[in-house]
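A.B. asks: The following block contains the structure, expressed as structure tokens.
The values are calculated or read from the model by the stated rules, or taken from the named source; none is laboratory data. On a predicted model such as this, the values are computed, not experimentally measured, just so you know. All Cβ positions, even for glycine, are placed from backbone atoms using ideal geometry, and neighbour counts span all protein chains on display. The accessibility values were calculated without ligands, DNA or RNA, using every heavy atom of the protein model including side chains. Shrake-Rupley method; radii C 1.70, N 1.55, O 1.52, S 1.80 Å.
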Amino acid sequence: MVVSGALMGLVYALIAYGFQLTFATSKSINFGQGELVMLSAFFSLSLLDWGMPYWLMIPGGLLFGVALGLVVERTCVRLALEQKSEGWILMTIIFGLLGFSSAENIWGRDDRPFPTSLPTDALQVFGVNITPLEISVAIGVFTVMGLIELFKRKTLLGKAFEAVSADRDAAELMGVSATRTIMLSYGLSGLVAAMAGILISPITTVGPTMASALILKAFSVAVVAGLDSGFGVVLVGIVLGALESLTSFYLGSGWREAPGLVLLILALAIRPNGVFGKATIRKV
Amino acid sequence: MLKVENLHAGYGLSEVLQGTTLEVPEGKVVALIGANGAGKTTTMRAISGMIKPTKGSVTLGGKAIEGYATSRIARLGLAHSPEGRKVFGPLSVEDNLLLGAYNHLPMFFGFRSKAAVELGKVYELFPRLKERRTQSAGTLSGGEQQMLAIGRALMAKPKVILLDEPSMGLAPVIVLEVFNIIRRLKEAGITLLLVEQFAKSALEVSDYAYVMEHGRIAIAGTPAELHKDERVLAAYLG
């Protein structure tokens, strides 16, 4: 039970990782990230409905996520950043609301099951009951995060990404276009959101309300770990997921949302830069 | 190679540059000296597009570049080593250098081997950087960071290098070393615009010099001419 909770936590960590990607390059995040998860999950479900095989659906859903991420960057973020305003906060929230009502209109208000090709029988691993589906979550999360980290460290484009995070002006002086790098980060962030949707949907269900539940927790994870903490989100995600399943078991499922909020408040009170974050001083 | 004509630029409503005109011929080292706040750094920032000029023209190798985005100007062959060095602290020394050559290298794989020749040249000029190539740039001393900033600019194989206050905040011994490097760049035929507080040292290494006052070029001439100018002697070489 704790293990399944921890695996759920990995999905929170993955969404939080999406926040980190855009925060690194542009110091902005997409508050509609939960809706990106939900819309990509719905789109992937439709792909299956249209008869697309399961293994083709995954890249299809991911591409859709990338496209959504790019749309968010172009419509909600770029102008605000050019004006050096914080308008992206409101714009991405509005994008989320738009995504929510669009999903209700296109796919309906009801939660729908997401089919899976994996067997549902639990396996015994080290004396713990665990389903192949839950294992697929762990594999999916680590694969995506691992590949993106590999891209950042091993390719020149990835190093340019890091350079923009470190010093945007200096990166521009090297010929790196900060605008394109921010686009790239939003595309990757959309990909990560879509992956989270595809991984979690077979366990939960797909519905318009899944967005708000997920984003709250992903946000807690991102803030508790720190928006520049790298793999710190994984640890915090696992802890939060495990705590959630413990509280809902011992205190009732109504308390399920509590640990995330308590952790968030504690973190903001004690370590506002995050448990794994670096203290940054804003020079003016 | 680089021509600046009647350049106006500033921050918000305050116009710092009020019609700067200067020229950097190919293969020459040109110094830009003057008091704090005269507009030396602003001139460099306006040339490389970090701030947008409001009036005037900048041409690089005959091509007008004013108003272009910074990254585009960099791609056209201008390497600006900015004030305060601005190395990428979390990245390794070698990654910093590779990013310097960003415009010439493949985006994904094989960039390291393609940069090998240039990298070798920079390491030959700065053996210290080779020793520390895996270290993160933020852990280098100020002098080493300055070497890295110059090396990074050289990696771009640029038409012109703008070098903003390479001696800033460095110990006198290191400053000497920096000027030795500039001398070697000059011998190698690098085209360089140098902004410096140390007017005396700057004049020693340059072919031509401009003195800036209140956002305009006040005096221009060869170092020998400036040494004879009473105003320059009194204000900058005293």
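A.B. asks: With springs only between Cα atoms under 10 Å apart, run a GNM on chain A and tell me which of A:Val233, A:Val262, A:Val125 wobbles the most.
C.D. replies: A:Val125
A.B. asks: On to the next question. Specify the residue with the greatest mean-square fluctuation among A:Gly232, A:Gly158, A:Gly34, computed from a Gaussian network of chain A linking alpha-carbon atoms under 10 Å apart.
C.D. replies: A:Gly158
A.B. asks: To the nearest 20 debye, what is the magnitude of the charge dipole of chain A about its Cα centre, counting +1 on the Cβ of each Lys and Arg and -1 on the Cβ of each Asp and Glu? Kindly include the intermediate steps, with their values, before the conclusion.
C.D. replies: Details: 18 positive and 18 negative charges, 155 e Å.
That gives chain A a dipole magnitude of about 740 debye.
A.B. asks: Given charges of +1 on the Cβ of Lys and Arg and -1 on the Cβ of Asp and Glu, with all other atoms neutral, how large is the dipole of segment B:2-235 about its Cα centre, in debye to the nearest 20?
C.D. replies: Details: 28 positive and 23 negative charges, 146 e Å.
Dipole size: approximately 700 debye.
A.B. asks: Return the average number of partner chain Cβ atoms within 10 angstrom of each residue Cβ along peptide B:102-108.
C.D. replies: Numbers: counts 9, 3, 1, 2, 3, 6, 6.
That works out to 4 on average.
A.B. asks: From Cα pairs below 8 angstrom and at least 6 apart in sequence, can you work out the relative contact order of segment A:107-171, rounded to a whole percent?
C.D. replies: Numbers: 31 pairs, mean separation 9.2, N = 65.
Relative contact order comes out at 14 percent.
A.B. asks: Also: Taking the simple approach of a point 7 Å from Cα along Cα-to-Cβ for both B:Glu124 and A:Arg271, what is their distance in nm?
C.D. replies: Output for this residue pair reads 4.9 nm.
A.B. asks: Something else: Normalising by the residue count of segment A:207-284, find the relative contact order in percent from Cα pairs under 8 Å and 6+ residues apart. Before the final figure, lay out each step's value.
C.D. replies: Numbers: 76 pairs, mean separation 31.1, N = 78.
Dividing the mean separation by the residue count of segment A:207-284 yields 40 percent.
A.B. asks: Can you work out the Karplus-derived ³J(HN,Hα) for every residue in segment B:63-71? Use 6.51 cos²θ - 1.76 cosθ + 1.60 with θ = phi - 60°, whole Hz, and x for glycine or proline.
C.D. replies: Whole-Hz 3J(HN,Hα) from phi for segment B:63-71: 9, 5, 10, 5, x, 6, 5, 3, 5.
A.B. asks: Could you rank B:Ser141, A:Ser229 by how accessible they are, 1.4 Å probe, largest area first? Intermediate values should be presented prior to the final figure.
C.D. replies: Numbers: B:Ser141 60, A:Ser229 20 Å².
Descending order: B:Ser141, A:Ser229.
A.B. asks: Using a Gaussian network model on chain B with a 10 Å cutoff between Cα atoms, which of B:Ile73, B:Ile190, B:Ile219 fluctuates the most?
C.D. replies: B:Ile219
A.B. asks: Considering only DSSP states other than H, G, I, E and B, which trypsin sites (Lys or Arg not before Pro) in segment A:214-284 qualify as loop sites with at most 13 other Cβ atoms within 10 Å? Show your work: numbers first, answer last.
C.D. replies: Working: sites: A:Lys217, A:Arg256, A:Lys278, A:Arg282, A:Lys283; in loops: A:Arg256, A:Lys278, A:Arg282, A:Lys283.
Taking segment A:214-284 and a limit of 13 other Cβ atoms within 10 Å, the loop trypsin sites (Lys or Arg not before Pro) found are A:Lys278, A:Arg282, A:Lys283.
A.B. asks: Send over the per residue convex hull volume for chain A, Cα only, as a whole number of Å³. Don't jump to the answer; show the numbers that get you there.
C.D. replies: Numbers: hull volume 39.5 nm³, N = 284.
Hull volume over Cα atoms, normalised by residue count, gives 139 Å³.
A.B. asks: Counting only the backbone N, which residues of segment B:16-46 are under 16 Å from the spot 7 Å out from the Cα of B:Glu213 toward its beta-carbon?
C.D. replies: Output list for this probe position: B:18-21, B:33-40.
A.B. asks: Which chymotrypsin sites (Phe, Trp or Tyr not before Pro) does segment A:1-94 hold that lie in a coil by DSSP with at most 11 other beta carbons within 10 Å? Walk me through the intermediate numbers first.
C.D. replies: On the way: sites: A:Tyr12, A:Tyr17, A:Phe19, A:Phe23, A:Phe31, A:Phe42, A:Phe43, A:Trp50, A:Tyr54, A:Trp55, A:Phe64, A:Trp88; in loops: A:Phe31, A:Trp50.
When the chymotrypsin sites (Phe, Trp or Tyr not before Pro) of segment A:1-94 are filtered for loop state and at most 11 Cβ neighbours within 10 Å, A:Trp50 remain.
A.B. asks: Can you find, among A:Gly34, A:Leu147, A:Ala258, the residue farthest towards the positive end of the dipole of chain A? Put +1 on the C-beta of Lys and Arg, -1 on that of Asp and Glu.
C.D. replies: Projecting each Cα onto the dipole axis, the largest value belongs to A:Leu147.
A.B. asks: Right, next: At what distance in nm do the modelled label points of B:Lys55 and A:Thr209 sit from each other, each positioned 7 Å from its Cα along Cα→Cβ?
C.D. replies: Calculated label separation equals 6.4 nm.
A.B. asks: Another question about this same structure. Relative contact order for segment A:14-210: what is it in percent, counting Cα pairs under 8 Å that are at least 6 residues apart?
C.D. replies: Details: 273 pairs, mean separation 85.0, N = 197.
Once divided by the residue count of segment A:14-210, the mean separation gives 43 percent.
A.B. asks: Counting only chymotrypsin sites (Phe, Trp or Tyr not before Pro) that are in a DSSP loop and have at most 14 other C-beta atoms within 10 Å, tell me the longest site-free stretch of chain B. Don't skip to the answer; put the middle values down first.
C.D. replies: Details: sites that count: B:Phe108, B:Phe109.
The longest uninterrupted stretch comes out as B:110-238.
A.B. asks: Where the only charges are on Cβ atoms (+1 Lys, Arg; -1 Asp, Glu), what is the dipole of segment A:38-174 about its Cα centre, to the nearest 20 debye?
C.D. replies: Details: 10 positive and 14 negative charges, 60 e Å.
For this selection, approximately 280 debye.
A.B. asks: Here's another thing I want to ask about it. Quick one: angle between helix A:88-107 and the longest Cα principal axis of chain A, in degrees between 0 and 90, rounded to 10, please.
C.D. replies: That works out to roughly 30 degrees.
A.B. asks: Along the charge dipole of segment B:2-235, which of B:Val232, B:Leu13, B:Leu140 sits closest to the positive end, that is, farthest toward it, with unit charges on the beta carbon of Lys, Arg, Asp and Glu (+1, +1, -1, -1)?
C.D. replies: B:Leu140
A.B. asks: Hand me the tally of lysine pairs in chain A: alpha carbons under 24 angstrom apart, and the pair either on different chains or 8 or more positions apart.
C.D. replies: Summing the qualifying lysine pairs gives 13.
A.B. asks: Name all residues of segment B:2-35 having a backbone nitrogen under 20 Å from the label point set 7 Å from the Cα of B:Lys157 along its Cα→Cβ direction, giving them as ranges.
C.D. replies: The answer is B:2, B:26-28.
A.B. asks: How many Cβ atoms of partner chains, on average, are near each residue of B:77-85 if near means within 10 Å of its Cβ?
C.D. replies: Values: counts 1, 2, 3, 5, 2, 4, 0, 1, 1.
The shielding value for this peptide is 2.
A.B. asks: Cα centroid distance between segment A:162-240 and segment B:1-77, in Å?
C.D. replies: Their Cα centres are 38 Å away from one another.
A.B. asks: While we're here: Which value in deg cm²/dmol, rounded to the nearest 500, describes the helix-derived mean residue ellipticity at 222 nm for chain B, given -39,500 (n - 2.57) per DSSP H run of n ≥ 4 and division by the residue count? Could you put the intermediate results ahead of the total?
C.D. replies: Working: 11 runs with 90 residues, N = 238.
Roughly -10000 deg cm²/dmol at 222 nm, from the helical runs in chain B.
A.B. asks: If you roll a 1.4 Å probe over the heavy atoms of the protein chains, what accessible area per residue do you get for segment B:2-235, in Å²? If you can, show how the numbers build up before the last one.
C.D. replies: Numbers: 10090 Å² over 234 residues.
Result: 43 Å² of accessible area for each residue.
A.B. asks: Further question: Taking the 0 to 90 degree range and rounding to the nearest ten, how far is the long axis of helix A:232-250 tilted relative to the main principal axis of chain A, both from C-alpha atoms?
C.D. replies: Long axis of A:232-250 versus the principal axis of chain A: about 30 degrees.
A.B. asks: Could I ask something else about it? So for segment B:2-235, taking the charge dipole from beta-carbon charges (+1 Lys/Arg, -1 Asp/Glu), which of B:Thr191, B:Phe108, B:Gly56 sits furthest toward the positive end?
C.D. replies: The Cα lying farthest towards the positive end belongs to B:Phe108.
A.B. asks: Related question: Please give the helix A:132-154 orientation as an angle from the longest Cα principal axis of chain A, in degrees from 0 to 90, rounded to the nearest 10.
C.D. replies: For helix A:132-154, the angle is close to 10 degrees.
A.B. asks: Would you please give the residues with an amide H less than 5 Å from that of B:Ala31, counting only those at least 5 places away or on a separate chain, with H modeled from the backbone geometry?
C.D. replies: B:Leu194, B:Asp207, B:Tyr208, B:Ala209, B:Tyr210
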